[in-house]
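The values are calculated or read from the model by the stated rules, or taken from the named source; none is laboratory data. All of these numbers come straight from a predicted model, not from anything done at the bench. A quick note on method: Cβ atoms are made from the backbone with ideal geometry, for glycine too, and the neighbour counts reach across all protein chains shown.
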Amino acid sequence: MPISSMAVVKNATLPVNATVDASANLTVTPNAINFPDADPDTVSSIPADSPLTVKLKVTGNANNGWQLTATANSDLLDPGSGTTISASNISWTTTSGSFINGQLVVNSPQIVASGQGNANSTGVLSFFLANSWDYTPGTYNTTVTFTLTAPV
């Protein structure tokens, strides 16, 4: 009698896992802006010497929101005289996609851009300083913190 051969089949399962974390990347250039001196009678709003380019990227954010804010860390201070100019005298305009116009406020994050899901956006912000005869002569400075948060 002939011997029959039977095939033997065995299966093995392999779990496959992938972890995708949300990530955010933010670049702001240039690293400083300056407002030149101007006559308040002829220039009521002084444009900064350069526009600010903001590049943001959010990944792994699915259907969640994201938000970019700007916070003035203090009013503008002239260290020589100790006098200040309110940070709220600085505003910005933009025509870039999800970016919006705004105004700085000390220790209060102001929305610069927001959206839903993943993002890869570039915005150009033009900053302005409200000019006034009331400003004491000096060299004033402050810092602004840009914060990209995802998810929100």
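One residue is enough: does the range 35-52 have a residue meeting the conditions closer than 14 Å to residue 146 by Cβ and either of a type in the set (Phe, Trp, Tyr) or surrounded by fewer than 17 Cβ atoms within 10 Å (Cβ to Cβ) (or both)? So that I can check it myself, show each step before the final result.
Filtering the range 35-52 down to residues closer than 14 Å to residue 146 by Cβ leaves 52.
Narrowing the set further to residues that are either of a type in the set (Phe, Trp, Tyr) or surrounded by fewer than 17 Cβ atoms within 10 Å (Cβ to Cβ) (or both) leaves none.
No; the residues of the range 35-52 include none that is closer than 14 Å to residue 146 by Cβ and either of a type in the set (Phe, Trp, Tyr) or surrounded by fewer than 17 Cβ atoms within 10 Å (Cβ to Cβ) (or both).
Do any strands (runs of 3 or more DSSP E) entirely within the range 38-152 hold 3 or more residues that are within 16 Å of residue 25 (Cβ to Cβ) and within 21 Å of the chain's Cα centre (by Cα), and if so, which? Break it down into steps so the answer makes sense when it comes.
Details: elements: 45-47, 52-59, 65-72, 90-93, 110-116, 119-130, 144-149.
In the range 38-152, 52-59, 65-72, 110-116, 119-130, 144-149 are the strands (runs of 3 or more DSSP E) which contain 3 or more residues that are within 16 Å of residue 25 (Cβ to Cβ) and within 21 Å of the chain's Cα centre (by Cα).
Given the conditions (1) modelled with pLDDT of 95 or more; (2) hydrophobic (A, V, I, L, M, F, W, C); (3) within 20 Å of residue 23 (Cα to Cα), report the number of the one that residue 150 does not fulfil.
(1) is the only condition that residue 150 fails.
Suppose we filter the range 77-109 for residues that are out of contact with any helix residue (DSSP H, G or I) (no Cβ under 7 Å at 6 or more places or on another chain) and surrounded by fewer than 18 Cβ atoms within 10 Å (Cβ to Cβ); how many remain?
Number satisfying all stated conditions: 21.
State all residues of the range 64-120 that are more than 22 Å from residue 130 (Cα to Cα) and of a type in the set (Phe, Trp, Tyr); if no residue qualifies, say none. Break it down stepwise before answering.
The first filter runs over the range 64-120 and keeps only residues more than 22 Å from residue 130 (Cα to Cα), leaving 64-68, 96-98, 113-120.
Within the range 64-120, just 66 meets the criteria.
Evaluate the range 53-72: report whether one residue or more is among the small types (Gly, Ala, Ser), exposed (fewer than 14 other Cβ atoms within 10 Å of the Cβ) and within 16 Å of residue 151 (Cα to Cα).
Yes, some residue in the range 53-72 is among the small types (Gly, Ala, Ser), exposed (fewer than 14 other Cβ atoms within 10 Å of the Cβ) and within 16 Å of residue 151 (Cα to Cα).
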